[in-house]
Amino acid sequence: MATLTEITPAQAHPRLAALTVVDVRSAGEYAAGHVPGALNIPLDQLDRALPALRTVAARGELLIVCASGNRSGRACESLAAAGIPAATLVGGTSAWAAAGHEVERPEGAPARAPWAMDRQVRFAAGGLVVAGLLVDRVRPGTRWVSAAVGAGLVFSAATNTCAMGNMLSRLPFNRPRPGQVPDLDATLAALTGAR
């Protein structure tokens with residue numbers, strides 16, 4: 001497996017104009033604040049964007065960003081498997097903002113971002129496990145809900161997919177208002193027409 005290329009916020013900031021930045025968070029997370037100039041391609045749409053990303057990477061450096069660096073790291077691994085070189089922003093948008101760099105928000109976007117999707121999944125899964133165990137005390141057999149959630153998490157890790165994350169991303173607080181984030185087709189057109 002290839003070594004993951006990492007760029008720190010301090011390294012990326014002066015080179016930002018020369019980089020093509022792709023944010024792989026959900027549209028709602030992206031709308032709440034992103035690295036200036038970043039284009040949004042949610043991680044679950046990455047395969048659809050491969051041709052455009054291949055074109056962009058052939059013209060210059062591609063920087064992949066998420067909230068903390070976890071999803072962007074997975075995206076970089078997927079891109080590398082497809083023969084597309086890319087780097088991940090160490091610490092993600094959180095580290096970018098913590099370093100005092102500007103964060104771009106569409107007009108009317110919430111000032112506070114929703115929780116990162118991985119945090120929402122941990123909260124929902126943990127809540128379901130605890131609820132299943134507590135309800136089992138009065139309604140025996142309910143603990144199997146907890147077992148099913150655990151099995152789902154194992155499957156999610158083994159397949160690098162997340163059905164719960166996909167469901168949670170459709171909730172209203174995870175979706176931007178219309179017009180705040182371009183749809184994927186507009187983003188792909190912007191990528192292939194860029195520079």
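Listing for the model above:
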quantity: Share antiparallel - DSSP beta bridges, the chain, percent rounded to 5; calculated: 10 percent
quantity: Helix-only mean residue ellipticity at 222 nm for the chain, each DSSP H run of n ≥ 4 adding -39500 (n - 2.57), per residue, nearest 500; calculated: -14500 deg cm²/dmol
quantity: Ordering of 34-42, 142-150, 80-88 by burial proxy (mean other Cβ atoms within 10 Å per residue, highest first); calculated: 34-42, 80-88, 142-150
quantity: Nearest-ten-degree value, helix 117-136 long axis tilted from longest Cα axis of the chain; calculated: 0 degrees
quantity: Cα long-axis angle, helix 70-81 against the chain (0 to 90 degrees, to the nearest 10); calculated: 60 degrees
quantity: Efficiency of FRET from Cβ geometry, Ala186 and Trp115, R₀ 35 Å, rounded to 0.05; calculated: 0.85
quantity: Folded to 0 to 90 degrees: helix 184-193 orientation relative to the chain principal axis, Cα; calculated: 20 degrees
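Bear in mind these aren't lab numbers, they're just calculated from the coordinates by the rules spelled out. Everything numeric in this text was worked out from a predicted model, so none of it was measured. For neighbour counting, all protein chains shown are included, and Cβ atoms are generated from backbone atoms with ideal geometry for every residue, glycine included.
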